[in-house]
Each structure stands twice: as C-alpha cells, then as structure tokens.
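The values are calculated or read from the model by the stated rules, or taken from the named source; none is laboratory data. Just so it is clear, the structure is predicted and the values come from calculations on it, not from any experiment. No Cβ is skipped: glycine too gets one built from the backbone with ideal geometry, and neighbour counts run over all protein chains shown. Each accessible area value is taken on the protein alone, full model and side chains, heavy atoms only, with ligands, DNA and RNA left out. Shrake-Rupley method; radii C 1.70, N 1.55, O 1.52, S 1.80 Å.
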Amino acid sequence: MSDMKVIVVGKGGREHAIVRALKESPSVPQVYAWPGSDAIFELAQPTTDVTCIPELLNYIKSEKIHLCVAGEESYLMEGLSDACEATGIPCWGPKRAGAMLEGSKEFAKEFMVRHNIPTGGYASVSNIDDARGAITSYPCVLKYDGLAAGKGVAVCPDQTSAESFLKEVFEDARFGDGNLLIEEYLEGPEVSIFAMVADASYQILCPARDYKRLEDGDGGPNTGGMGAVASPKLLDADLLAQIEKTIVRPTVDGLQKDKNPYRGFLYFGLMLTTAGPKVIEYNCRFGDPECQAVMPLIEGDLAGYLLKAASGVLDPSYFTFQDLWSVCVILASAGYPASSRSGDVIRGLDAVKEARVYHSGTKRGDSGSFETNGGRVLAVVAQGTDRESAVERAFADAANVDFEGALRRSDIGRLHFN
Ligand code: AMP
Ligand code: GLY
C-alpha cells in the first residue's frame with residue numbers, strides 16, 4: 001500500500017525496535033507512536049492530546065491510520081484490540097480474551113492442561129496458609145497471578161526466601177489481591193520462541209535467548225532481561241520441529257477450539273528440560289529485549305506483512321530473517337532491578353559505530369542530551385556471521401556508551417547452551 005500509516009503503542013526499547021523496523025520497511029509507512037518516548041519520536045510522529053485508549057482511537061480515525069501495532073501487554077489487557085475491532089481499525093495484537101494467556105498465569109495453566117501442552121505442575125492458592133501447605137519442596141517457584149511488570153515471580157531456593165515473597169504477596173499486597181501459583185521448578189536452558197498468529201495460522205519467527213539474571217554467569221536477581229542473542233541457527237531443526245509439534249501448533253489449535261481468535265505476536269517462554277521443551281509462560285506481545293535482537297535480522301517488508309496479517313492473512317513472502325547472529329547488550333541504571341536512577345547523562349552515543357541503539361528508559365534532559373529515565377536504559381545491538389563476531393561487535397560499541405552507575409553484563413551471547 002502506498003501512503004501507509006501505522007501507529008505503534010508502547011514506549012520502551014521493544015517499541016523503539018519495532019518502530020525502526022517499520023520505518024525501514026520497503027512500504028515506507030508513516031509511523032506514529034503512543035505514548036512513545038523522546039528517542040522513539042526521532043523516528044515516529046507523536047500523537048497530540050491523547051491520554052487514553054478512546055482518545056487514541058479518535059486520533060487513529062482522524063489521521064486515517066491504517067494499522068495499530070500493540071507493543072506493550074498492558075494496553076491489550078485494557079482492551080486496546082477489542083476497542084480497535086469495535087471501531088473497525090485493524091490491530092496487530094490480541095483482544096483481551098487472548099491477552100489473558102499473559103494476563104493471568106492461572107488462565108494460561110488451565111489452557112495448557114486443557115490442550116495437553118507440556119508445562120510444569122502447579123497449584124493455585126488464595127491465602128498464606130494454603131500457600132505454605134502447597135510448597136512441598138525447594139527450590140519452589142511462586143508466581144503472582146496477574147501483570148506485575150516482571151516482578152511477580154520468585155524462584156525460591158529455601159523456606160526463608162519463600163516466606164519473604166509470601167509476605168509481599170499476602171500481607172503487603174504488593175501486587176494486588178490476585179491468587180498465587182505454586183509451580184513445579186523446571187530445570188534447563190531457557191529459550192524464547194515467537195510466532196505471528198492469525199486465527200488458525202501461524203509463522204514461527206527467529207528464536208532468541210534472553211539473559212534474565214542481573215549478573216554474569218546467570219547470577220543475581222531476575223530482571224526484565226539484561227541482554228539477548230538471536231539467530232535462525234540458535235536451535236537445531238529437530239528441536240524446533242519438536243517445539244512446533246508439541247507447543248506452537250497445539251497452542252494455536254487450542255485458541256481456535258476455545259473460540260478465542262488471536263491475531264498478534266505470541267511469545268512462548270520455554271524451558272528445555274531433559275523431558276522435552278515445556279512452557280514457562282506465554283506473553284501476548286514480542287519479548288523485550290529479544291525484540292531488539294530479532295528486529296535487525298528482518299529483511300523485507302514488516303509493515304506490509306503486519307497490515308495483511310491484521311486482516312487474518314500471514315504471507316511469509318514479505319520478509320525473511322538474515323542468516324546471522326544478533327547480540328543485544330542492555331545497560332541498566334544504578335540500583336536496578338530493586339530500584340532505578342534517573343537523570344544521569346548518557347555519554348558516548350555518538351561514538352557508536354556499527355551497532356544500533358534502542359532506548360528503553362531515556363529522556364532528553366534540559367541540555368538536549370539523553371539522560372537515564374528508568375531501570376533498563378538502552379540496548380546496544382550488533383550482528384555478525386557467527387556468534388562470536390556478533391558478541392565482539394556488540395560489546396565493542398557498548399563500551400563506547402556510559403553513564404553514572406551503569407550496570408551491564410559482560411557475557412551476553414558468550415554464555416551459551418550450544
Ligand atoms: P516468568 O515471568 O513466568 O517468565 O518467570 C520469570 C523467570 O523465572 C523465568 O524466565 C525463569 O527464569 C524463572 N522461572 C519461571 N517459572 C519457572 C519454573 N517453573 N521453573 C524454573 N524457573 C522458572
Ligand atoms: N524477555 C522477557 C519478556 O519480554 O517478558
């Protein structure tokens with residue numbers, strides 16, 4: 001389509017990467033963003049006077065925007081896609097009923113049990129006594145049943161850590177008043193699989209690995225993700241075929257059987273256990289920071305693809321993934337993940353040579369320079385024909401960028417499972 005207009009909903013590094021991939025699409029759409037960020041607005045047009053979803057829909061109609069691409073899950077849980085459908089606006093992102101796969105961990109577990117999709121065993125409890133009764137061994141995995149910005153999960157090695165999380169959930173009501181899941185602890189390397197899903201059809205995208213722990217060697221606390229590696233070669237073909245057969249296809253079929261039609265990115269967080277791949281979680285959007293690693297590998301017309309996909313047709317002829325490795329190194333602010341620091345000037349962005357820099361939590365300060373503005377600050381992403389060259393390029397450019405108290409891992413892409 002000529003004169004295509006698309007709006008991306010979200011404000012983080014994932015949305016920065018999606019906006020850039022859309023801008024680079026041969027259909028050269030005019031790209032808008034909401035709520036966006038200063039860095040995103042260097043590529044995308046800001047909306048004016050939009051503070052909520054109904055105002056966003058009015059804006060989309062008045063600007064004659066053809067497609068809404070949902071980046072962040074919270075808007076989908078608020079009903080962004082349902083509202084788009086009711087107003088006849090094509091949306092890439094599921095309706096609330098589909099987003100429940102991410103929005104409620106209990107909903108997702110019941111879905112997997114119903115459709116025979118491999119996952120760990122679990123119990124759902126609503127008070128601290130039942131929780132204590134349901135924990136039968138350590139390590140145990142405790143998950144608050146609702147959106148908690150990645151903070152509602154605790155992998156507890158012992159009773160002391162479990163008790164402290166139970167107190168946060170039930171006594172301090174840190175996340176709200178939802179149930180708690182006690183999950184079987186699964187062991188193995190983790191992998192992130194992404195699919196484009198349109199009703200009964202799906203297309204599996206380039207797989208990635210997310211480095212969730214704060215420190216090198218997968219030490220320290222869980223974070224939103226300290227880096228990622230992606231490549232079409234990340235997993236061997238047999239394993240990918242097994243994942244498709246036992247997890248992806250049954251999930252897409254299950255949504256159809258449940259009469260829960262789904263259009264959008266679907267993320268499968270998997271543990272590769274000795275008993276085969278098992279689902280840890282679903283997300284109803286692309287992964288962050290995996291998206292920042294995957295998007296630069298796209299060769300073709302993502303914008304044209306998504307416009308057609310939002311109408312229910314997945315056409316794989318629109319793009320392919322380059323046969324490269326892509327490595328994403330996250331720089332986080334001092335105190336992350338327990339807290340974060342804002343207002344530190346970011347130095348060296350101009351010195352970045354080959355890599356792409358996607359901004360997660362930055363803003364322009366009074367001097368005009370970018371400053372930190374959140375926990376994860378930015379992602380430095382580079383590609384290579386093999387894993388090691390991609391790692392070297394990403395770290396060489398990441399070394400150019402700095403700010404007071406910056407946290408980063410030094411083994412992203414180096415610590416690997418194959
Ligand atoms: P989630 O938000 O459900 O993806 O959980 C966050 C992280 O906690 C995952 O990426 C895993 O590293 C870890 N985790 C979650 N569930 C389990 C499980 N059942 N067994 C072991 N680790 C888990
Ligand atoms: N990378 C983990 C997530 O997006 O949830």
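Return yes or no: is Ala241 surrounded by fewer than 19 Cβ atoms within 10 Å (Cβ to Cβ) and not acidic (Asp, Glu)?
Working: surrounded by fewer than 19 Cβ atoms within 10 Å (Cβ to Cβ): yes; not acidic (Asp, Glu): yes.
Here the answer is yes, as Ala241 does meet what is asked.
Residues are listed down the side, and each one gets a yes or a no for (1) within 16 Å of ligand 2 (Cβ to nearest atom); (2) within 18 Å of Cys140 (Cα to Cα); (3) modelled with pLDDT under 95:
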{"residue": "Glu163", "(1), (2), (3)": "no, yes, no"}
{"residue": "Asp172", "(1), (2), (3)": "no, no, yes"}
{"residue": "Ala195", "(1), (2), (3)": "yes, no, no"}
{"residue": "Gly224", "(1), (2), (3)": "yes, no, yes"}
{"residue": "Leu255", "(1), (2), (3)": "no, no, no"}
{"residue": "Tyr262", "(1), (2), (3)": "no, no, no"}
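The helices (runs of 4 or more DSSP H) falling completely within the range 43-96 include none with 3 or more residues that are among the polar types (S, T, N, Q) and under 22 Å from Gly287 (Cβ atoms).
So that you can scan it fast, the table gives a plain yes or no per residue for (1) within 16 Å of ligand 2 (Cβ to nearest atom); (2) within 21 Å of Leu80 (Cα to Cα); (3) in contact (Cβ under 8 Å) with a residue 12 or more places away in the chain; (4) open to solvent by 10 Å² or more (accessible area, probe 1.4 Å):
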| residue | (1), (2), (3), (4) |
| --- | --- |
| Ile7 | no, yes, yes, no |
| Gly10 | yes, yes, yes, no |
| Arg14 | yes, yes, yes, yes |
| Val19 | no, yes, yes, no |
| Pro35 | no, yes, yes, yes |
| Glu42 | no, no, no, yes |
| Gln45 | no, yes, yes, yes |
| Thr51 | no, yes, no, yes |
| Ile60 | no, yes, yes, no |
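For the range 396-414, the tally of residues that are open to solvent by 40 Å² or more (accessible area, probe 1.4 Å), over 14 Å from Tyr336 (Cα atoms) and not in a loop (DSSP other than H, G, I, E, B) stands at 2. Does the range 187-196 contain at least one residue that is within 16 Å of ligand 1 (Cβ to nearest atom), closer than 19 Å to Asp288 by Cβ and open to solvent by 10 Å² or more (accessible area, probe 1.4 Å)? For the range 187-196, residues within 16 Å of ligand 1 (Cβ to nearest atom), closer than 19 Å to Asp288 by Cβ and open to solvent by 10 Å² or more (accessible area, probe 1.4 Å): present. Figure legend. Inter-residue proximity from the range 184-195: first residues among the aromatic types (Phe, Trp, Tyr), second residues away from ligand 2 (no atom under 16 Å from the Cβ) and open to solvent by less than 20 Å² (accessible area, probe 1.4 Å), beta-carbon distance below 7 Å, spacing 6+ or different chains. Indicated pairs: Tyr185/Cys140. With the requirement that a residue be within 12 Å of ligand 1 (Cβ to nearest atom) and open to solvent by less than 70 Å² (accessible area, probe 1.4 Å), what does the range 119-136 give you? Those that are within 12 Å of ligand 1 (Cβ to nearest atom) and open to solvent by less than 70 Å² (accessible area, probe 1.4 Å): Thr119, Gly120, Gly121.
Among the strands (runs of 3 or more DSSP E) contained in the range 282-379, which hold 1 or more residues that are within 16 Å of ligand 1 (Cβ to nearest atom) and either open to solvent by 20 Å² or more (accessible area, probe 1.4 Å) or not basic (Lys, Arg) (or both)? Lay out the reasoning, then the answer.
On the way: elements: 298-300, 319-321, 325-332, 342-345, 356-359, 362-364, 370-373.
Qualifying strands (runs of 3 or more DSSP E): 325-332.
Annotation: of all residues in the range 146-164 being within 12 Å of ligand 1 (Cβ to nearest atom) and more than 18 Å from the chain's Cα centre (by Cα), the one that is most open to solvent (accessible area, probe 1.4 Å) is Pro157. The strands (runs of 3 or more DSSP E) falling completely within the range 157-244 that include 2 or more residues that are under 30 Å from Ala303 (Cβ atoms) and of a type in the set (D, E, K, R) map to 208-210.
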